[in-house]
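Down below is the structure, laid out as structure tokens.
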Amino acid sequence: MTDQKIRVRFAPSPTGPLHIGGVRTALYNYFFAKKLGGRFILRIEDTDQTRFVPGAERYIMDSLKWSGITIDEGIEQGGEFAPYRQSDRKHLYRKYADELIAKGNAYYAFDTPEELEAMRKQLETEKAPNTSYCPANRGSMKNSLTLSKSEVEEKLKAGNPYVIRFNMPANEELLATDLIRGEVHVNTSTLDDKVLFKSDGMPTYHLANVVDDYLMKISHVIRGEEWLPSLPLHVLLYRSFGWENAMPQFAHLPLLLKPDGKGKLSKRDADKLGFPVFPLQWTDPATGEISSGYKESGYFPEAFINILAFLGWNPGTEQELFSMEQLSEAFSIDHIHKAGARFDFEKAKWFNHQYLIKKTDKELAEIFLPFLLEKGVNADPSKVEFICSLVKERVNFVKEMWEQASFFFIAPDVYDAEVIKKRWKPEVPAILKEVSELLSTLEEFSAESIHNALHHFLESRQYNFGQIMNCLRLAMVGTSKGPDLPVIMEFLGKEEVISRISKAVNSIE
Ligand code: GLU
């Protein structure tokens, strides 16, 4: 394998359910790999044991699967660079931390949490420009840059707890390149000596992430904007290891913003506005709290990925509906926006509607049947298919079909008061009785014959056509809504139609 091969990775930490922003990151990596014939790798970054959440890793994999993102290399798929879970690679990182110490790019730090806290407080009181553990401040701390060699050796021998920190250059103009943002300039005096290796024997995110990207021959790092501040350190780590030639190219994706554009889209905002921020439903293992998911809310995965694809990218054309394959084909990093992407919930529903009406009636009926069973309706699948064909234009989600179609199965119990007020005049019950008699004489109870008979009858008697048809609809449906009335009546059948007319006549005052 040459270093030019396109290899990208999605590297989530299993600290909870995967936010839709994370799915978008995975998706863009996936598109990029597919478009250029590369490999998409899933690496689980679980070195922070304090933030580990049981079930989160499984959730991440299930979410990718539901979204249609296939993984080329990962903990379940295996691959040339296995293992793909960082805790299973634990043994591997120490030597890299040691290498940096040997080269002078990292050092031991023995400071206790109390000492670190005291340092921070003191620097705050002094209003120091940088209050972190950095070149300007490390000189007064307990580390292998300030202690003598023998003191350090003694402490290590005695088993004193320590971390390994990066030896940040004191004052250097650093240039990093981002494929979306262009050149990023930073002076290292604003950065700190990040911990690379912790006292629990685990590497931190920074060390493990860079080492693994190198070992796994990652060509492009495509990740969320929240990692942009880490870029200078990562570039310096590549330099310190002497891996500049193998350094991946970086692309930091814009944030996902709340619908009003003011701030990052969080679970709290989404809950308030009534839409999910997670692909699948998630039950918090600690509290039992349930968070809703796109899948369970009735989104089709095709719609879900189409929605996400457009949050931060556009094809540069008017086309909005794209299959996974078309997205991979059309995707390019050049068309990713710099500015944050607002989440538009109405648009999300519109996307689902578009995919819903593209489904066959048979597919829709298959999804709708369990909803009907839940309502105690055991309907003939072919009839359900027919109903789907009638109501699909009116809904964004299959579950909404019940509201649009329940009258096909259950006679209305309540009648829309507005319609009654407007249409149900004193003469209506007698006319509807006549209509009922007329319908009972029909030999063929088809929509067409019902339509013709009603037309002919109401016209010949000079009854108000609109009024009676509306009252008849009220008797069948309970409201003024619904598909073509004769079609509904044919579906219900003669007996049911007559029974509904009499029920309405008897119950509407
Ligand atoms: N483990 C990091 C995360 O949780 C990965 C960031 C990166 O892609 O470098 O998002």
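Observations, loosely collected:
- Region 85-142 and region 307-354 have Cα centres separated by 42 Å.
- All C-alpha pair distances within region 210-296, sorted into 5 Å bins from zero, spread as 3, 11, 16, 15, 11, 11, 13, 12, 6, 2 percent across the bins.
- Quotient of Cα Rg and 2.2 N^0.38 Å for region 56-99, N being how many residues it contains: 1.45
- Scaled radius of gyration (Cα, divided by 2.2 N^0.38 Å) that the chain gives: 1.39
- Cβ-based net charge around P254, under 12 Å, with every Lys or Arg adding one and every Asp or Glu removing one: +3
- For N143, the residues whose modelled amide H falls within less than 5 Å of its own, excluding neighbours fewer than 5 places apart on the same chain, are F110.
- Karplus 3J(HN,Hα) series, Hz, for region 11-16 with 6.51 cos²θ - 1.76 cosθ + 1.60 (x for Gly, Pro): 10, x, 9, x, 9, x
- 27 Å Cα-Cα threshold exceeded, pairs from K121/K142; K95/K194; K425/K494; K65/K217; K258/K375; K267/K347: K258/K375
- Computed from Cα atoms alone, the Kirkwood hydrodynamic radius reported for region 43-122 is 16.0 Å.
- Nonlocal amide H pairs with K194, under 5 Å, H built at 1.01 Å: F166
- Ellipsoid fit via the Cα gyration tensor, region 405-456: semi-axes of 23, 17, 10 Å, each the root of five times an eigenvalue, largest first.
- Rounded to the nearest whole angstrom, the semi-axes of the ellipsoid equivalent to region 174-226, taken from the Cα gyration tensor as √(5λ), stand at 23, 18, 9, largest first.
- Amide H contacts under 5 Å for Q249: H220, V221, restricted to partners 5 or more places along the chain or on a different chain, H placed in the peptide plane at 1.01 Å from N.
- Taking packing as the residue-averaged number of other Cβ atoms within 10 angstrom, the listed peptides 317-325, 407-415, 8-16 run from highest to lowest as 8-16, 407-415, 317-325.
- Under the Karplus curve 6.51 cos²θ - 1.76 cosθ + 1.60, θ = phi - 60°, whole-Hz ³J(HN,Hα) for region 354-362, x wherever Gly or Pro sits: 4, 6, 5, 6, 7, 6, 6, 4, 5
- Mean-position separation - Cα centroids, region 184-244 and region 448-471, in angstrom: 77 Å
- Value of [θ]222 nm, deg cm²/dmol, for the chain, DSSP H segments ≥ 4, -39500 (n - 2.57) each, nearest 500: -13500 deg cm²/dmol
- Value of Rg/Rh across region 317-363 [Cα atoms, Kirkwood radius]: 1.04
- Proximal aspartates and glutamates to K34, defined as alpha-carbon separation beneath 13 angstrom and excluding residues fewer than eight positions away on the same chain: D72, E325, E329
- Across the alpha-carbon set of region 431-487, the Rg to Rh ratio works out to 0.93, Rh being the Kirkwood radius.
- Mean-position separation - Cα centroids, region 286-306 and region 384-398, in angstrom: 22 Å
- Along principal axes, Cα extents of region 281-339, largest first, whole Å: 44, 25, 16
- Total formal charge among the other residues, if their Cβ is under 11 angstrom from that of E329, Lys/Arg +1 and Asp/Glu -1: +1
- With θ taken as phi - 60° and the Karplus curve 6.51 cos²θ - 1.76 cosθ + 1.60 applied, the whole-hertz 3J(HN,Hα) list for region 441-452 is 8, 5, 7, 9, 9, 9, 3, 5, 5, 4, 4, 4 Hz, x standing for glycine and proline.
- Positive minus negative residues near D200 (Lys, Arg vs Asp, Glu; Cβ under 11 Å): +1
- In terms of its C-alpha gyration tensor, region 114-180 comes out oblate, because a/c is 1.5 or above while a/b does not outweigh b/c.
A short reminder: the numbers here are calculations on the coordinates, not readings from a lab. None of the values given here were measured: they were computed from a predicted structure. Methodologically, a virtual Cβ is constructed for each residue, glycine included, from the backbone with ideal geometry; neighbour enumeration extends over all protein chains shown.
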